[in-house]
1. Taking the range B:45-74 only, how many residues are at negative phi, within 14 Å of chain A (Cβ to nearest Cβ) and assigned to a loop (DSSP other than H, G, I, E, B)?
2. Tally the residues that are of a type outside the set (Phe, Trp, Tyr) and closer than 20 Å to residue B:11 by Cα, restricting the search to the range B:53-101.
3. Whether any residue in the range B:50-69 is in contact (Cβ under 8 Å) with a residue 12 or more places away in the chain and touching a Cys at 6+ places or on another chain (Cβ under 9 Å) is what I want to check.
4. Please go through the range B:23-57 and pick out each residue that is among the aromatic types (Phe, Trp, Tyr) and surrounded by fewer than 17 Cβ atoms within 10 Å (Cβ to Cβ).
5. Counting only residues that are within 11 Å of another protein chain (Cβ to nearest Cβ) and in contact (Cβ under 8 Å) with a residue 12 or more places away in the chain, which one in the range B:85-113 is nearest to residue A:49 (Cα to Cα)?
6. Does the range B:22-44 contain at least one residue that is in contact (Cβ under 8 Å) with a residue 60 or more places away in the chain, outside any helix (DSSP H, G or I) and more than 16 Å from residue A:51 (Cβ to Cβ)?
7. Take residues that are within 11 Å of chain B (Cβ to nearest Cβ) and among the aliphatic types (A, V, I, L, M) and tell me which of the strands (runs of 3 or more DSSP E) falling wholly in chain A contain 3 or more.
8. With the requirement that a residue be free of Cβ contacts under 8 Å to residues at least 60 places away in the same chain, of a type outside the set (Val, Ile, Thr) and in contact with a strand residue (DSSP E or B) (Cβ under 6 Å, 6 or more places away or on another chain), what does the range B:70-83 give you?
Amino acid sequence: MPMAAEDIIRLIKEGIPGAEVEIEDLAGDGDHYAATVISTAFAGKSKIQQHQMVYGALGGRMGGVLHALKLTTMAQRP
Amino acid sequence: MSEPQVFDRIRDEIAKHDVLLFMKGTPVFPQCGFSAAVVEVLSELGVKFHGINILTDPDLRQGIKEFSQWPTIPQLYVKGEFVGGCDIIREMFETGELGQLMKEKGVTLAAAA
């Protein structure tokens with residue numbers, strides 16, 4: 001079952017307060033997204049930890065209802 | 001709570017193979033675009049790796065997600081360390097970090113053709 005982009009953004013922002021989230025529906029099918037998450041909470045953390053924080057915010061949906069989310073994380077805008 | 005039995009098998013595989021990819025399908029015939037992308041990156045780098053097809057093993061498929069605390073496949077391990085999934089591997093390849101990591105860990109890279 002696909003997931004709406006707004007729901008993904010809301011969950012990430014709830015899990016990582018203050019995060020900026022940009023999302024793109026890659027295939028237009030509500031099932032393949034690319035997300036960029038920018039948050040100072042990522043500072044000093046490894047890429048794996050950063051992605052785990054986002055997956056944590058999505059609360060187990062990643063790999064389940066949310067099939068494909070290409071993730072880019074950064075502590076600040078380049 | 002005791003940990004799943006499959007964790008022992010996972011540790012064993014990780015110890016046996018310097019570069020290990022848990023993937024959907026096989027290196028010759030990947031069955032998911034994300035797994036295929038990582039196979040391509042490793043081939044490009046000239047890294048010898050062992051692929052484990054989690055599609056044929058439901059215990060392993062669930063177990064590796066819990067073991068790594070990572071919800072998706074593929075997952076790459078280098079010398080016992082979880083390096084990441086598809087997005088991280090691709091990003092590290094593009095920045096040159098992945099090749100660097102392989103060298104630091106003492107993994108042999110084939111000379112670029």
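1. Matching residues across the range B:45-74 total 5.
2. Of all residues in the range B:53-101, those of a type outside the set (Phe, Trp, Tyr) come to B:53-66, B:68-69, B:71-76, B:78-81, B:83-92, B:94-101.
From the residues that got through so far, the ones that are closer than 20 Å to residue B:11 by Cα too are B:53-66, B:68-69, B:71-76, B:78-81, B:83-85.
Of the residues in the range B:53-101, 29 are of a type outside the set (Phe, Trp, Tyr) and closer than 20 Å to residue B:11 by Cα.
3. yes
4. Within the range B:23-57, the first condition is being among the aromatic types (Phe, Trp, Tyr), and the residues that meet it are B:29, B:34, B:49.
Residue satisfying the conditions is B:29 alone.
5. Checking each candidate, the answer is B:85.
6. no
7. Passing ranges, in order: A:68-74.
8. B:71, B:74, B:75, B:76, listed by residue number.
Read-outs throughout are calculated quantities, based only on the coordinates presented, and are distinct from any laboratory measurement. Nothing here was measured: the structure is a model prediction, and the numbers come from that model. Because the Cβ atoms are built from the backbone with ideal geometry, glycine has one as well, and the counts that use them run over all protein chains shown.
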